[in-house]
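Everything below concerns the one structure shown next.
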DNA sequence: ACCTGAACACCGTTCAAGT
DNA sequence: ACCTGAACACCGTTCAAGT
């Protein structure tokens with residue numbers, strides 16, 4: 001009964017389709033406009049670019065006005081994140097195997113995080129958060145179709161989820177690191193690769209051995225490889 | 001040549017064994033003392049507890065003094081993170097199969113993140129960072145022993161890494177969420193579970209169906225299940 | 001009901017000045 | 001070489017006051 005309200009991050013915003021859609025004047029403030037402006041800010045200036053001051057300037061109001069629509073910065077970030085995730089997982093294939101659907105969903109999330117690196121960090125948040133539940137649901141349904149025993153459905157689904165979040169976060173950081181230093185991905189990988197080659201041969205033989213391979217690698221392909229490994233693991237149990 | 005210095009996060013601190021060990025007086029400031037105090041602060045007060053003011057108070061100095069030993073807050077957090085990781089992966093099994101070693105290493109990381117939740121978020125950083133390379137090296141060596149083809153060693157190793165980071169980060173958030181709200185893990189899961197049960201049956205059938213299972217689940221066991229899935233996937237390719 | 005913007009209590013970081 | 005601590009340029013958030 002009260003449990004629902006006890007979980008603030010599983011907030012009612014966007015949770016049901018029946019949320020009263022604001023029929024406000026185009027030029028007035030609204031939750032949607034604030035979130036949209038936040039996404040723009042986040043995309044152009046990174047996570048540190050989202051500031052109540054910068055946001056209110058962009059929206060031509062005072063910082064206080066935003067607080068009438070949004071509880072705090074955390075909720076703002078979560079909402080922006082959720083908007084991206086909702087779009088990313090809105091992929092529906094007909095007559096596709098669950099494996100293909102999982103691969104497609106995962107790749108779509110990977111791409112979303114790649115173009116919006118801040119989502120990668122924002123996503124690494126609580127289980128109760130709406131975006132996480134959204135993805136969990138989509139993947140979980142496919143896991144069910146794969147005939148994974150009921151007792152293993154949770155662990156299996158969260159394994160896939162965790163992998164997606166981990167890989168997405170890692171990739172997001174690579175993108176951000178490159179951006180911060182004003183270089184592109186291949187230049188960034190080149191630098192990391194060169195640094196690995198200079199590691200102590202006794203302590204870091206493996207890192208040195210793959211340093212060269214790191215340079216030209218295809219992130220999306222490697223990401224999919226991990227998904228396929230998990231999928232193969234699921235399959236081998238049957 | 002200059003590449004090394006171009007990668008600041010792969011800093012020389014702790015990278016080699018030859019780092020000049022400070023032979024300072026016990027009561028004076030040092031990088032080690034600062035990092036240790038940071039870890040204490042992080043453990044007791046969470047990520048937001050690490051403040052140059054709080055830290056300097058604990059160390060009985062001014063904020064400026066810390067900057068003589070540490071470049072900035074990011075480096076401080078990375079160093080604290082690295083100290084925990086270095087301890088966590090310092091596990092050496094004799095005559096163990098690579099599978100067992102990987103499981104043990106992964107579990108050790110999981111536990112480290114569980115007791116130091118802030119490590120979970122701090123770890124989701126660039127590929128060039130020392131802690132990431134440390135783990136990569138340990139896991140990668142085992143992947144080599146598993147006879148994974150050279151071209152697939154990188155993707156395989158990073159798949160395991162990404163899973164560990166993803167799961168660790170997720171778990172860290174659960175721990176932090178519970179802590180923030182002053183409840184323990186089982187109470188927290190109970191609340192999330194209850195919330196999931198109230199989701200729209202048409203949109204969230206899977207989340208609803210596993211809500212009950214979520215309550216009593218064993219995080220470590222589920223974490224290992226994911227590792228085993230990947231390991232099984234690796235094995236099935238041979 | 002919604003917005004304004006000054007004010008509060010913080011931050012990380014710098015730097016002249018000390019020893 | 002190492003430390004001090006005031007000062008700077010920011011933050012998120014609040015809240016009396018407006019419309």
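So here's what we get for this one:
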{"quantity": "Residue within the range B:84-94 that is within 11 Å of chain A (Cβ to nearest Cβ), under 26 Å from residue A:175 (Cα atoms) and away from DNA strand D (no atom under 16 Å from the Cβ) present", "calculated": "no"}
{"quantity": "Test: residue in the range A:65-74 that is away from every other protein chain (no Cβ under 14 Å), touching a residue at least 40 places away in the same chain (Cβ under 8 Å), in a helix (DSSP H, G or I) and more than 8 Å from DNA strand C (Cβ to nearest atom)", "calculated": "no"}
{"quantity": "Test: residue in the range B:85-96 that is crowded, with 23+ Cβ neighbours inside 10 Å and closer than 26 Å to residue A:180 by Cα", "calculated": "yes"}
{"quantity": "The range A:44-60, subset in contact (Cβ under 8 Å) with a residue 12 or more places away in the chain and either on the phi > 0 side of the Ramachandran plot or within 11 Å of DNA strand D (Cβ to nearest atom) (or both), residue surrounded by the fewest Cβ atoms within 10 Å (Cβ to Cβ)", "calculated": "A:46"}
{"quantity": "Filter result (within 14 Å of DNA strand C (Cβ to nearest atom) and either part of a helix (DSSP H, G or I) or modelled with pLDDT under 95 (or both)) within the range A:36-59", "calculated": "A:37, A:48, A:52, A:53, A:54, A:55, A:56, A:57, A:58"}
{"quantity": "Qualifying residue in the range B:5-12 (condition: part of a helix (DSSP H, G or I) and modelled with pLDDT under 95)", "calculated": "yes"}
{"quantity": "Test: residue in the range A:96-108 that is modelled with pLDDT of 95 or more, assigned to a loop (DSSP other than H, G, I, E, B) and more than 17 Å from residue A:159 (Cα to Cα)", "calculated": "yes"}
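The values are calculated or read from the model by the stated rules, or taken from the named source; none is laboratory data. From a predicted model like this one, the values you see are computed outputs, not experimental measurements. Methodologically, a virtual Cβ is constructed for each residue, glycine included, from the backbone with ideal geometry; neighbour enumeration extends over all protein chains shown.
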